[in-house]
Amino acid sequence: MSNPVFEGAAVAIVTPFFEDGGINFDELGKMIEFEIENKIDSIVICGSTGEAATMNDEEHIAAIKYAVDKVAGRVPVIAGTGSNDTNYCVNLSKKAEELGADALLLVTPYYNKCTQEGLYQHYKKVATAVKCPIILYNVPSRTNVNISPALLKRLAEFDNIVGIKECNFSQVPDIYSLCGDRFAVYSGEDALAVPMVSLGGKGVISVVANILPEITSKMMHDALDGNYEAARSAQIDLVPLINALFCEVNPIPVKEAMNILGWNAGPCRLPLCDMSEAGHQRMVDTLTQYDVSAMDKYVK
């Protein structure tokens, strides 16, 4: 098996924006410190939760550099550098590697709706251009493209493709059947994090960890250590919050939640808009069910 970039819980960290749209790096720094202090296992910067699709090149590179410098080796930093333009993806991946990212997260090309052969050629070009470990990101609900287990087996020839963030849970048994333990498989769905470990997964790349990093990390390590009763209990306890965080398109609800809790997460960038009034009230009501006091030193 390839060495996993992390085991446990990585946070798909939000990108805080000022009202005028610029990145609030001071607040991002506080969020990173909060995550590390509360035992998160890895930071994913510039993922879909971080609204990377709305960032220009300078912002994207600046956010990756800031995260790498701020984390300073305490946990792995995974940089989202995926694109539906292969050459652009290669160049951005090279830059992230130069900046010191510990790994890359590469979403499948979106909108182009490429074939499995096109996916193979896309990932081959990136994997041969960098030495950095690569985690593929399979999220068909957003991209309309699926990395099939057969394609994943084919991609095993590239040593630096070490894992996959998998949102197509139903094909996970087929991945293990065809690929064995060649790849570290991470849940891309908070609601299925513990079940993923039961099939052999190594953890979760989590949205809920923006709010409850220590609980999320402990849940995953309990599962990895075989303490399934504790992990199952934690997974079930998180259901109301997870459901609220995905009652509208991610990351609208999680940024709303963080703003409610006192963070200066700011707005989402268009075309993502403000949360509905009903969604806001649901989030307010849901957050009262959880102990979020760990963030007090950062928001008060």
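Would a scan of the stretch 203-213 turn up a residue that is out of contact with any Gly (no Cβ under 6 Å at 6 or more places or on another chain) and either surrounded by fewer than 17 Cβ atoms within 10 Å (Cβ to Cβ) or of a type in the set (D, E, K, R) (or both)?
Scanning the stretch 203-213 turns up no residue that is out of contact with any Gly (no Cβ under 6 Å at 6 or more places or on another chain) and either surrounded by fewer than 17 Cβ atoms within 10 Å (Cβ to Cβ) or of a type in the set (D, E, K, R) (or both).
Going through the stretch 202-253 one residue at a time, which ones are small (G, A, S) and touching an Asp or Glu at 6+ places or on another chain (Cβ under 8 Å)?
Passing the criteria: G203, S206, A209, S217, A230, A231, A234.
Check off (1) out of contact with any strand residue (DSSP E or B) (no Cβ under 6 Å at 6 or more places or on another chain); (2) within 18 Å of G100 (Cα to Cα); (3) not basic (K, R) for G80 and give me the number that stays unchecked.
(1)
Within the stretch 222-241, how many residues are buried (at least 19 other Cβ atoms within 10 Å of the Cβ) and in a helix (DSSP H, G or I)?
Residues flagged as buried (at least 19 other Cβ atoms within 10 Å of the Cβ) and in a helix (DSSP H, G or I) within the stretch 222-241 amount to 6.
Name the one entry in G29, G50, G21 that is modelled with pLDDT under 95 and over 30 Å from E157 (Cβ atoms). Working first, answer last.
Details: G29 fails: modelled with pLDDT under 95; G50 fails: modelled with pLDDT under 95.
When all the criteria are applied, what remains is G21.
For every residue, the table says whether it meets (1) crowded, with 17+ Cβ neighbours inside 10 Å; (2) more than 20 Å from S206 (Cα to Cα); (3) not hydrophobic (A, V, I, L, M, F, W, C).
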{"position": "V107", "(1), (2), (3)": "yes, no, no"}
{"position": "L136", "(1), (2), (3)": "yes, no, no"}
{"position": "P140", "(1), (2), (3)": "no, no, yes"}
{"position": "N144", "(1), (2), (3)": "no, yes, yes"}
{"position": "L152", "(1), (2), (3)": "yes, yes, no"}
{"position": "C167", "(1), (2), (3)": "yes, no, no"}
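Within the stretch 169-198, track down each residue that is under 20 Å from P213 (Cα atoms) and buried (at least 18 other Cβ atoms within 10 Å of the Cβ).
Scanning the stretch 169-198 gives V185, Y186, S187, G188, E189, D190, L192, A193, V194, M196, V197.
Does the stretch 1-29 hold any residues that are surrounded by fewer than 19 Cβ atoms within 10 Å (Cβ to Cβ) and in a helix (DSSP H, G or I), and which are they?
Of everything in the stretch 1-29, those that are surrounded by fewer than 19 Cβ atoms within 10 Å (Cβ to Cβ) and in a helix (DSSP H, G or I) turn out to be F25, D26, G29.
Given the condition more than 19 Å from A184 (Cα to Cα), at pLDDT below 95 and crowded, with 18+ Cβ neighbours inside 10 Å, answer yes or no: does some residue in the stretch 116-126 qualify?
no
Exactly one condition in (1) under 23 Å from P149 (Cβ atoms); (2) touching an Asp or Glu at 6+ places or on another chain (Cβ under 6 Å); (3) not aromatic (F, W, Y) is not met by P76; state its number.
In the conditions (1) under 23 Å from P149 (Cβ atoms); (2) touching an Asp or Glu at 6+ places or on another chain (Cβ under 6 Å); (3) not aromatic (F, W, Y), P76 misses (1) alone.
For the stretch 196-232, how many residues meet the condition of being closer than 26 Å to G279 by Cα and either out of contact with any helix residue (DSSP H, G or I) (no Cβ under 7 Å at 6 or more places or on another chain) or modelled with pLDDT under 95 (or both)?
The number of residues fulfilling the criteria is 2.
Can you run down the residue pairs with Cβ atoms below 6 Å, 6 or more apart or on separate chains, where the first is in the stretch 233-261 and within 17 Å of D291 (Cα to Cα) and the partner is of a type in the set (D, E)?
I242/D190
For the stretch 265-281, enumerate the residues that are within 22 Å of the chain's Cα centre (by Cα) and surrounded by 16 or more Cβ atoms within 10 Å (Cβ to Cβ).
Those that are within 22 Å of the chain's Cα centre (by Cα) and surrounded by 16 or more Cβ atoms within 10 Å (Cβ to Cβ): A265, G266, P267, C268, L272, M275.
Residue by residue through the stretch 152-210, note down the ones that are free of Cβ contacts under 8 Å to residues at least 40 places away in the same chain, closer than 23 Å to D222 by Cα, acidic (D, E) and not in a loop (DSSP other than H, G, I, E, B).
Selection gives E166 alone.
Quickly run through the stretch 102-125 and pick out the residues that are in contact (Cβ under 8 Å) with a residue 40 or more places away in the chain and part of a loop (DSSP other than H, G, I, E, B).
Narrowing the stretch 102-125 to residues in contact (Cβ under 8 Å) with a residue 40 or more places away in the chain: 102-103, 105, 107.
Listed by number, the list holds a single entry, D102.
What pairs come out if I take residues in the stretch 54-71 that are touching a residue at least 40 places away in the same chain (Cβ under 8 Å) and pair them with residues that are assigned to a loop (DSSP other than H, G, I, E, B) and of a type in the set (D, E, K, R) whose C-beta lies under 8 Å away, six or more apart or interchain?
Within 8 Å, the pairs are T54/R269.
How many residues are touching a Leu at 6+ places or on another chain (Cβ under 8 Å), among the acidic types (D, E) and in a helix (DSSP H, G or I) when one looks only at the stretch 40-92?
Residues meeting the conditions: 1.
Mind listing whichever residues of the stretch 245-300 are in contact with a Ser or Thr (Cβ under 6 Å, 6 or more places away or on another chain) and of a type in the set (K, R)?
Of everything in the stretch 245-300, just one residue is in contact with a Ser or Thr (Cβ under 6 Å, 6 or more places away or on another chain) and of a type in the set (K, R), namely R269.
The values are calculated or read from the model by the stated rules, or taken from the named source; none is laboratory data. Every value quoted in this text rests on a predicted model; they were computed, and no experiment measured them. Quick reminder, even Gly has a Cβ in these numbers, built from the backbone with ideal geometry, and neighbours come from all protein chains shown.
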